Ligand SMILES: [Zn+2]
């Protein structure tokens, strides 16, 4: 655990905004409350992006940056990153490994995609209560650990199978033309995270905004089938 870790930015992305908003389970409510506390509204997200160094025309706005904050938004640590990752150095890792589960990791995704496997892996650290990725288009993806999270082998035994199930289903559907390659690529990581949520492995709250939301809605029923199919397989593992 002493080795530097990477938060690899963005692989794939999500599931319909409407689906997330329609489900009012207790787990979702917890994240929704946290999202309210942190003000992840459309306006609030713009302020977070400003804090993350995303300021319109400025050079370097394509870089990722990470803030470690309390559940009420108090800043604890800040780390600059590269175009698609932020290095988790030993000092930051020490904070994440404290066993009080009070740290929220907030970072930006220049490509607007959902949470990656490396992002979600941070949830297995005892100090981390949630991780948030904010797309430069205002889309927000927020996750915390669920009842079936494998704290030791999450990436190998849960994320990798979820990603494989989702990608295999997307590949099967692509020839039918019911979903475009672009939409499939844009929403892949979101779909994986949705499948993990539906399998009880993580908790997930998200808001797709702008063109990303329209893109998702264009293939919403297909994406829903992909998520449910993948989640069904994950629940049997
Ligand atoms: Zn990320």
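Find how much the distance from residue 157 to residue 76 grows on full extension, using 0.36 nm per residue of separation minus their present alpha carbon separation; answer in nm with one decimal.
Extending this stretch completely gives an extra 26.0 nm.
With a cut-off of 8 Å between alpha carbons and a minimum separation of six or more residues, what is the relative contact order of the chain in percent?
With pairs under 8 Å counted, the relative contact order is 26 percent.
What fraction of the Cα pairs in the range 117-162, stated in percent, has a spacing above 17 angstrom?
When every Cα pair of the range 117-162 is considered, 34 percent fall beyond 17 Å.
In whole Å and largest first, what semi-axes does the C-alpha gyration tensor of the range 187-237 yield when each eigenvalue is scaled by 5 and square-rooted?
Over the Cα atoms of the range 187-237, the semi-axes work out to 21, 12, 6 Å.
Between residue 98 and residue 214, with labels modelled 7 Å along Cα→Cβ, what's the label distance in nm to one decimal, could you check?
Here the modelled spin labels are 4.5 nm apart.
Among 35, 164, 63, which one moves the most in a GNM of the chain with springs linking Cα atoms closer than 10 Å?
Ranking 35, 164, 63 by mean-square fluctuation puts 164 first.
Take 193, 124, 172 and order them by how many other Cβ atoms sit within 10 Å, fewest up front.
Fewest-to-most Cβ neighbours within 10 Å comes out as 172, 124, 193.
Taking the Cα atoms of the chain alone, what are Rg (to one decimal) and Dmax (as a whole number) in Å?
16.5, 49
Normalised by the number of residues in the range 125-237, what is the relative contact order in percent for Cα pairs under 8 Å and 6+ residues apart?
That works out to 36 percent.
What angle, in degrees between 0 and 90 and rounded to the nearest 10, separates the Cα long axis of helix 220-236 from the longest principal axis of the Cα atoms of the chain?
That works out to roughly 80 degrees.
Using a simple spin-label model with points 7 Å from Cα along the Cα→Cβ vector, what separation in nm is obtained for residue 46 and residue 180?
Distance between label points: 2.7 nm.
For 85, 215, what ranking results if the residue with the fewest other Cβ atoms within 10 Å of its Cβ goes first?
215, 85
Using a Debye calculation, one point per C-alpha and no hydration shell, please list log10 I(q)/I(0) for the range 98-190 at q = 0.16, 0.17 Å⁻¹ in order.
Treating every Cα as an identical point scatterer, log10 I(q)/I(0) equals -0.74, -0.81.
Given springs between every Cα pair under 10 Å in a Gaussian network model of the chain, which of 44, 200, 188 has the largest fluctuation?
Result: 44 has the largest fluctuation of those listed.
What ranking of 83, 99 emerges when the number of other C-beta atoms within 10 Å of each C-beta is taken as an exposure proxy, fewest first?
99, 83
Round to the nearest 10 and give me the degree value, 0 to 90, for the angle of helix 42-51's Cα axis relative to the longest principal axis of the chain.
Here the helix axis deviates by roughly 50 degrees.
Between the alpha-carbon centers of the range 101-141 and the range 150-188, tell me the distance in whole angstrom.
19
Can you tell me the mean projection area, over all orientations, of the convex hull of the range 75-131's alpha carbons? Units nm², please.
Averaged projected area of the range 75-131's Cα convex hull equals 3.8 nm².
Using only DSSP helix segments of four residues or longer, with each worth -39500 (n - 2.57), what per-residue ellipticity at 222 nm results for the chain after dividing by its residue count and rounding to 500?
-12500 deg cm²/dmol
Say we join alpha carbon atoms closer than 10 Å with springs in a Gaussian network model of the chain; which of 205, 48, 151 then has the biggest fluctuation?
Maximum among the listed residues: 151.
Since every read-out is calculated from the coordinates, none of them should be taken as a lab result. These figures come from a predicted structure and were not determined experimentally. When we count neighbours, we look across all protein chains shown, and the Cβ atoms used for this are built from the backbone with ideal geometry, even at glycine.
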